[in-house]
Structures are given as structure tokens and as C-alpha cells.
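Below: one structure, written as C-alpha cells.
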Amino acid sequence: MGVHWTLGYDASDPQRLASFWADALGYVSEPGYDDDDAASIIDPDQRQPAIGFLRVPEGKTAKNRVHIDIRVAGEPPWDMVERERLIRATVSDLSSAGAVEVREERYGAHLGHVVMRDPEGNEFCVA
């Protein structure tokens with residue numbers, strides 16, 4: 001049996017970052033974590049790990065060593081036209097929520113993934 005684990009994020013505004021990621025991943029706030037200096041979000045179906053956000057005094061200074069990939073197109077085999085439509089729709093939604101598009105990566109003739117930054121500058125991919 002595997003162990004339960006939580007992904008931890010440093011943040012200057014834990015509540016704002018938790019809200020962004022809850023919307024992006026379809027998570028909800030974890031009951032009991034409504035502190036100004038910390039927040040936690042959970043998968044409402046309890047299948048995926050929790051994500052905790054902790055206020056830290058320093059800002060982000062370098063590229064993430066670990067990041068989240070949002071896989072909107074599911075598993076292969078893919079309909080590449082539909083996959084690109086799903087990626088672009090998600091990128092648009094996340095941009096409206098405060099993320100910034102960094103660049104597109106292609107797999108030959110097809111869109112592979114889009115690199116973005118969350119509201120605090122943490123890199124992630126939409127694929």
C-alpha cells in the first residue's frame with residue numbers, strides 16, 4: 001500500500017494561490033485550513049493528493065524543480081485536433097484566472113503542451 005502525501009507550495013498569499021489551484025484542478029478547500037498564513041486544497045473525490053500552501057517571507061527566485069502538469073486531454077491515443085482545442089480552452093480559462101502563458105511546445109506538427117506561470121510565478125504545463 002502506498003503512503004498518503006501532500007504537495008507543498010511556498011506562497012506570499014496562500015489563500016489566493018490555493019483558490020487559483022483549486023479552480024485549475026477541480027479541488028476544494030480542505031476544512032479547517034482557513035488561516036491567513038496557510039491553506040490546503042483537496043480532491044473532492046479523495047483520489048489525488050492534497051496541496052498545501054504556506055506563507056514564506058521570500059519571493060520566488062528561480063525555476064521550479066517540481067511542477068504540476070494539467071493533463072486536460074486524458075491518456076493516449078489522442079484525437080490531436082480535439083486535444084489542441086482542450087489545451088487552448090484551458091489555457092484561456094487559466095489566463096483569465098491570473099496565470100500567464102510562457103510558451104508553446106510542439107510535438108512535430110501538433111501542439112504538445114503550453115508552459116504557464118501561476119499568479120505567483122510558479123511554472124506549470126497544460127497538456
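Bear in mind these aren't lab numbers, they're just calculated from the coordinates by the rules spelled out. The structure displayed is predicted, hence computed values, not measured ones.
For the Cα atoms of the chain, what angle does the longest principal axis make with the long axis of helix 14-25, in degrees from 0 to 90, nearest 10?
For 14-25 against the chain, the angle is about 30 degrees.
Relative to the longest principal axis of the C-alpha atoms of the chain, give the angle of the C-alpha long axis of helix 80-96, reported between 0 and 90° and rounded to the nearest 10°.
For 80-96 against the chain, the angle is about 40 degrees.
Averaging sequence separations of C-alpha pairs under 8 Å and six or more residues apart, then dividing by the length of the chain, give the relative contact order as a whole percent.
It rounds to 23 percent for the chain.
Given a cut-off of 21 Å, what percent of all Cα-Cα pairs of segment 1-77 lie beyond it?
So the pairs more than 21 Å apart make up 32 percent of the total in segment 1-77.
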